[in-house]
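Colleague: What follows is a structure written as structure tokens; I'll ask about it next.
The values are calculated or read from the model by the stated rules, or taken from the named source; none is laboratory data. Keep in mind the model is a prediction, meaning the values are calculated, not measured. Glycine gets a Cβ as well: all are built from the backbone with ideal geometry, and neighbour counts include every protein chain shown.
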Amino acid sequence: MKTASLPADFQPQNDCLKDKVILVTGATGGYGRAMSKIYAEAGATVILLGKNVRMLEEIYDQIEASGAPQPAIYPLNLEGATEKDYYDMAENIGKEFGRLDGLLHAAVLLGAPTPFEHSDSETWFKVMQVNLHAPYLLTKHAIGLLKQPERSSLVFMTDDKPGTYWDAYMVSKGGIDQLAQQLAREYEGSGLHVNTVNPGPTRTQLQLRAFPALESNRDLPLPEQHKDLFLYLMSDRLEENETCFQP
């Protein structure tokens, strides 16, 4: 994939996502939670997908209290979801909203750092399920909804860190890079733009779990500090396809 950063002249308007319907997976996590609120504040109707209903309801209440468009909640545990669950999800979203203008895959499972010889196969399969199989299945069944508008955006989160000993996590992210590239090429020339974001180290629970002893964690940017990039990727200004964006 090509690499790019946020266009220097992009300055989002307050309602730059007005009337858009955007599905965010991992909506209770670091980037998922932050971008769900930011998309809603920009005028989008956000579908919050996650496994923790209490946390989803908390984010729902925060968005509603802000005066943003009323969001929707779709509880789904990606670790145990079957293909029929994703089919049903797409059917339900289609009946309620008729389309998707954007899909942000923010759900992630880190696993644990382990020398390869001692790696745990159960952890491997869980990480692959959440980080690779779930985005594949969800996108497969949501692609028809993404093709309804004249233009739409599909965004995957990728990573080239933390590296050694994180075999399942890194292999799953490598698979996401390839999946995004294949989809971008297949739908090139259509209204669907497919891109990835490699945000780099950010102050999230994922970062703190991976590197709990790093003093530099406190100096890392919060997900909200990358909001303009994530707004651009869902906006009508987006032109790129098959591109990995880095803040």
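Colleague: Give just the number: which of (1) under 22 Å from V21 (Cα atoms); (2) out of contact with any Pro (no Cβ under 7 Å at 6 or more places or on another chain) does R185 not satisfy?
Modeller: Unmet condition: (1).
Colleague: On the given criteria, is I47 touching a Lys or Arg at 6+ places or on another chain (Cβ under 7 Å) and buried (at least 16 other Cβ atoms within 10 Å of the Cβ)? Talk me through it step by step, then tell me what you get.
Modeller: Values: touching a Lys or Arg at 6+ places or on another chain (Cβ under 7 Å): no; buried (at least 16 other Cβ atoms within 10 Å of the Cβ): yes.
When the stated conditions are applied, I47 does not pass them.
Colleague: Ok, one more. Considering only residues that are in a loop (DSSP other than H, G, I, E, B) and in contact with a Ser or Thr (Cβ under 8 Å, 6 or more places away or on another chain), look in region 59-75 and name the one that is surrounded by the fewest Cβ atoms within 10 Å (Cβ to Cβ). Spell out how you get there, then give the answer.
Modeller: To start, the set of residues in region 59-75 that are in a loop (DSSP other than H, G, I, E, B) comprises 66-71.
Checking which are in contact with a Ser or Thr (Cβ under 8 Å, 6 or more places away or on another chain) leaves us with 69-71.
Working: P69: 21, Q70: 10, P71: 24.
So, considering only residues that are in a loop (DSSP other than H, G, I, E, B) and in contact with a Ser or Thr (Cβ under 8 Å, 6 or more places away or on another chain), the one surrounded by the fewest Cβ atoms within 10 Å (Cβ to Cβ) is Q70.
Residue by residue, here is whether (1) crowded, with 20+ Cβ neighbours inside 10 Å; (2) not β-branched (V, I, T) holds:
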{"residue": "Y86", "(1), (2)": "yes, yes"}
{"residue": "D101", "(1), (2)": "yes, yes"}
{"residue": "V108", "(1), (2)": "yes, no"}
{"residue": "T114", "(1), (2)": "no, no"}
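Colleague: Still on this model: How many residues are assigned to a loop (DSSP other than H, G, I, E, B) and surrounded by fewer than 22 Cβ atoms within 10 Å (Cβ to Cβ) if we restrict to region 30-44? Lay out the reasoning, then the answer.
Modeller: If we filter region 30-44 for residues that are assigned to a loop (DSSP other than H, G, I, E, B), which is where we start, we get 42-44.
Going one step further and asking which of them are surrounded by fewer than 22 Cβ atoms within 10 Å (Cβ to Cβ), we end up with 43.
Residues meeting the conditions: 1.
Colleague: Have a look at L56, L78 and point out the one that is surrounded by 13 or more Cβ atoms within 10 Å (Cβ to Cβ), assigned to a loop (DSSP other than H, G, I, E, B) and under 20 Å from the mean Cα position of the chain (by Cα). Break it down into steps so the answer makes sense when it comes.
Modeller: Working: L56 fails: assigned to a loop (DSSP other than H, G, I, E, B).
That would be L78, the only listed residue that is surrounded by 13 or more Cβ atoms within 10 Å (Cβ to Cβ), assigned to a loop (DSSP other than H, G, I, E, B) and under 20 Å from the mean Cα position of the chain (by Cα).
Colleague: Next question. Every residue in region 127-145 that is under 24 Å from A112 (Cα atoms) and among the hydrophobic types (A, V, I, L, M, F, W, C), please. First the steps, then the outcome.
Modeller: First, pick out the residues of region 127-145 that are under 24 Å from A112 (Cα atoms): 127-136.
V127, M128, V130, L132, A134, listed by residue number.
Colleague: Of L103, L109, L137, L145, which residue is assigned to a loop (DSSP other than H, G, I, E, B) and either touching a strand residue (DSSP E or B) at 6+ places or on another chain (Cβ under 9 Å) or over 22 Å from Y232 (Cα atoms) (or both)?
Modeller: After applying the criteria, what remains is L109.
Results for (1) surrounded by 19 or more Cβ atoms within 10 Å (Cβ to Cβ); (2) modelled with pLDDT of 95 or more; (3) touching a Ser or Thr at 6+ places or on another chain (Cβ under 9 Å), shown as yes or no for each residue.
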site	(1), (2), (3)
K161	no, no, no
D167	no, no, yes
S172	yes, yes, no
L183	yes, yes, yes
E188	no, yes, no
T196	yes, yes, yes
N217	no, no, no
L222	no, no, yes
T243	yes, yes, yes
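Colleague: For region 160-183, does any single residue satisfy the condition of being closer than 21 Å to L229 by Cβ, in a loop (DSSP other than H, G, I, E, B) and in contact (Cβ under 8 Å) with a residue 24 or more places away in the chain?
Modeller: Looking for residues that are closer than 21 Å to L229 by Cβ, in a loop (DSSP other than H, G, I, E, B) and in contact (Cβ under 8 Å) with a residue 24 or more places away in the chain, one finds at least one in region 160-183, hence yes.
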